[in-house]
Structure formats: structure tokens, C-alpha cells
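Written out below as C-alpha cells is the structure these notes cover.
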Amino acid sequence: MSDLSAARRSGHTGRSYWQALVQAVVAASLVHVAFCALFFALSAPLMGWANVGSIVLYGAAYALLRKRYNRPALALIWVELLTHALVATRVLGWESGFHYYVLLMMPMVFMSPVRGEHTKVVLGLLLAVFYLGLDWMSHHRAPLAVLTPGALDGVRAFNIVATLVLLAHLANYYLRAVMRAEMRLHDLATTDPLTGLANRRRALDVAGLHLARRRSDGAPMSVILGDVDHFKSVNDWHGHEVGDQVLIAVAKAMQSATRDGDTVCRWGGEEFLIVLPDTDAAEALRVAERVRHAVQHTHLAQADQALSVTITLGVSTLQALEPLSAGIARADAAMYRGKIAGRNRCEGDAPPAPSLPRREPALAH
């Protein structure tokens with residue numbers, strides 16, 4: 001993978017991570033508000049004030065995230081999570097369930113875009129050591145505060161539910177992140193980077209789907225193959241940058257002249273292919289003429305003159321059981337006949353003549 005591709009991937013991952021972290025900070029703040037009310041109601045002021053401190057830390061982290069001070073915000077979140085887990089477990093004991101939140105930090109470590117892989121492994125190991133330390137402390141030290149069995153069960157149940165909800169949120173985040181990444185990869189694989197049109201691969205996929213449907217319901221299907229006239233001269237006289245501008249302008253003109261449901265693609269170089277589902281030969285020629293007219297009226301302003309562009313188009317309508325490659329080949333042949341005839345024109349192609357059955361020689365009597 002190139003450095004540029006890696007940087008783009010990191011940028012997408014980073015934005016998603018920080019957006020998810022902002023949502024997590026808001027959710028955690030609301031949870032601690034509920035804890036404040038709960039512990040003051042249970043006459044456990046130490047834990048009540050500890051949660052007030054957590055709310056303050058999360059408020060500061062939220063403000064830092066909004067100002068894009070992401071690393072300091074992440075450090076505050078870590079401090080709050082570890083400190084709160086330590087204090088709550090020491091005060092109320094292991095059965096209160098506050099150690100569950102430490103487990104949620106493990107995916108946060110490996111999701112983070114700001115650390116290298118080795119650093120993430122080290123932090124994960126340290127987090128495991130911290131968790132084991134909480135377990136050892138809880139089983140060798142009595143809790144500092146004793147809640148009634150019912151209250152302790154309620155706190156533990158709340159922590160279990162909150163942990164499951166946060167785990168579901170993380171899983172949903174992972175799913176959406178993977179789906180977005182797959183969509184970006186699909187777009188990169190099927191889109192021409194210069195013109196923004198579908199590329200050859202995407203055009204073949206779309207045409208294959210229409211062709212399969214055509215064979216089942218008999219709907220007509222046509223293709224148009226176009227080639228920008230005198231494009232080599234444009235590159236030679238005006239440079240490749242102007243040539244790129246010509247291709248972009250032609251792509252926009254072709255898209256504006258086609259119908260909803262048609263697929264315009266950059267076939268290669270200065271060639272463009274249009275896939276026309278549910279379109280017979282006469283309608284395909286009308287579409288081709290609209291495209292030719294739109295391209296002809298495209299002008300690019302240069303330093304000393306306006307650069308005019310034209311295109312020659314070949315049209316073919318696929319016959320029963322005819323493969324797509326044969327239809328495109330006939331459109332290509334029609335296009336080159338148009339080039340020979342003077343360019344800036346649309347040329348239709350007669351369908352291939354059906355092959356006649358061979359007659360067996362008559363036997364002499």
C-alpha cells in the first residue's frame with residue numbers, strides 16, 4: 001500500500017474514532033450523573049463526590065475534543081476510567097461490578113489511530129495487569145463501604161446493563177466503520193479517478209446484470225462507444241493537463257445528455273462507453289445524437305482561444321444470445337466507420353446476419 005493510501009485510510013479511521021469518542025464521552029457523563037443521584041440517595045457520599053469528579057473530567061475531555069485537542073482529551077478519559085474503577089472497586093468491592101468498565105478500554109486501545117501497533121500491545125498488557133491488580137485487591141482487602149445486599153445487587157445490575165449497552169455501541173461502531181471502508185474501497189475500485197465516471201470494470205458489471213435480465217425477459221439493450229476526435233492533437237498542442245480538462249468536460253456533457261438508468265463509463269484513454277438498458281436501436285441512436293450534440297457545444301476557454309471538442313459515436317443493439325463483447329465490438333466498428341466518414345457523427349450498426357442452417361447434399365437416386 002502506498003504512503004498516500006495509508007494516510008487516507010488513517011484519516012478516515014481517525015475521524016470516525018474521534019466522533020465515536022465524543023459520543024462515548026456524552027454517554028459516560030450521563031451515566032455518572034445517574035451514579036451521583038444513586039450514591040447520594042444511598043448515603044454513600046464518597047462515591048457520590050467521586051462521580052462528581054468524573055463528570056468534571058468528562059466535561060473537560062468533551063471541551064478538548066470539540067477543540068481538536070484529541071490526545072489530551074484521551075489522556076483525561078483514561079485517567080477517569082482507571083481512577084474511577086480503582087476507587088469504586090476499593091470502596092464498594094468486586095461485587096459492585098465497576099471493574100467491567102476496564103474491560104471496555106481494551107477495544108479503545110486497539111481502535112485508537114494515534115498509537116503504533118507495538119505501543120497498543122504494551123498498553124493492552126498494562127491494562128491486563130491493572131485488571132488483575134483490581135481482582136487481587138478486592139479479594140484481599142475488605143470494601144471501605146458496605147451497601148445493603150439489595151443496593152449492591154442493584155448497582156451491579158446497572159453496571160452489567162451499562163457495560164452491555166456500551167459493548168453494543170462499540171460493535172455497532174465497528175460494523176459501520178467496516179461498511180464505510182468497504183464502500184470507499186468499492187468506489188475506488190469502480191470509479192475513474194479523473195472524470196468521476198464508472199470505470200471499465202464497473203461498466204462490465206452493470207452491463208452483465210442488464211444482459212442477464214435481458215435474456216430472461218427479452219428487453220432490448222444497446223451500447224454506445226465514443227471516441228473524442230483529434231484527442232492526440234489536443235495533448236500534443238496544449239499539453240496533457242488541458243487533455244485531462246477535455247476528458248472531464250466530455251464526461252460531464254455525456255452525463256447531462258443521457259437518461260436515468262444509463263451508465264456512462266470511461267472505457268480507456270479518450271474512449272467512453274454508455275450502457276443503455278431497455279433501449280432499442282432507434283432510441284439508442286437518439287441518445288447518441290443527444291450526446292454528440294452536448295459534447296459539440298462544450299467549449300474550454302484557453303489563454304488565446306476557445307477549444308472546441310467533438311466526439312464520434314458507434315451504436316449497436318445486442319441480439320438474442322449475443323455476448324456483450326460482440327456487441328461492443330460492433331459498436332467499435334461502427335465508431336471507426338464514423339471516423340472515416342468525417343468524425344463528429346453517430347454511426348449505427350446493423351445486427352449480425354443470422355447464420356443459415358447448412359443443407360445436406362441430396363443423395364443421388
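Scanning the range 211-246 for residues that are under 30 Å from the mean Cα position of the chain (by Cα), in a helix (DSSP H, G or I) and under 26 Å from Arg345 (Cβ atoms) turns up Gly243, Asp244, Gln245, Val246. Going by the conditions given, is Leu211 modelled with pLDDT of 85 or more and either of a type outside the set (A, V, I, L, M) or not assigned by TED's automatic domain parsing to the domain that holds Glu322 (or both)? Considered against the rule, which asks whether it is modelled with pLDDT of 85 or more and either of a type outside the set (A, V, I, L, M) or not assigned by TED's automatic domain parsing to the domain that holds Glu322 (or both), Leu211 comes out as no. Scanning the range 116-171 for residues that are over 15 Å from Ala85 (Cβ atoms) and among the small types (Gly, Ala, Ser) gives Gly116, Gly124, Ala142, Ala145, Gly150, Ala151, Gly154, Ala157, Ala168, Ala171. Output the residues belonging to the range 261-318 that are surrounded by 15 or more Cβ atoms within 10 Å (Cβ to Cβ) and in a loop (DSSP other than H, G, I, E, B). Asp262, Glu270, Asp278, Thr279, Thr298, Val309, Thr310, Leu318 - these are the residues of the range 261-318 that are surrounded by 15 or more Cβ atoms within 10 Å (Cβ to Cβ) and in a loop (DSSP other than H, G, I, E, B).
Within the span defined as the range 228-243, every residue fails to be under 25 Å from Gly342 (Cα atoms), modelled with pLDDT of 95 or more and among the hydroxyl-bearing types (Ser, Thr, Tyr).
Regarding Arg214, is this residue under 30 Å from Leu103 (Cβ atoms) and either in contact (Cβ under 8 Å) with a residue 12 or more places away in the chain or not β-branched (Val, Ile, Thr) (or both)? In short, no.
Given the structure, is Leu194 in contact (Cβ under 8 Å) with a residue 40 or more places away in the chain, in a helix (DSSP H, G or I) and under 30 Å from the mean Cα position of the chain (by Cα)? In short, no.
Of all residues in the range 16-72, those satisfying the criterion of being modelled with pLDDT of 90 or more, farther than 21 Å from Ala162 by Cβ and of a type in the set (Gly, Ala, Ser) are Ala60, Ala63. Looking across Thr263, Thr258, Thr298, Thr312, one residue alone is β-branched (Val, Ile, Thr) and modelled with pLDDT under 95. It is Thr298.
If the requirement is being in the same structural domain as Pro45 (by TED's automatic domain parsing), modelled with pLDDT of 90 or more and either surrounded by 13 or more Cβ atoms within 10 Å (Cβ to Cβ) or not in a loop (DSSP other than H, G, I, E, B) (or both), which of these qualifies: Leu175, Leu164? None of the others qualify; the one that does is Leu164. Only helices (runs of 4 or more DSSP H) whose full extent lies in the range 18-114 are considered here, and the ones with at least 2 residues that are farther than 19 Å from Leu132 by Cα are 45-66, 70-92, 105-111. Hey, among the residues in the range 101-149 that are small (Gly, Ala, Ser) and at pLDDT below 90, which one's surrounded by the fewest Cβ atoms within 10 Å (Cβ to Cβ)? Residue satisfying both the conditions and the ranking: Gly116.
The values are calculated or read from the model by the stated rules, or taken from the named source; none is laboratory data. In this text the structure is predicted, and so the values were computed from the model without any measurement. Virtual Cβ from ideal backbone geometry, glycine too; neighbours counted across all protein chains shown.
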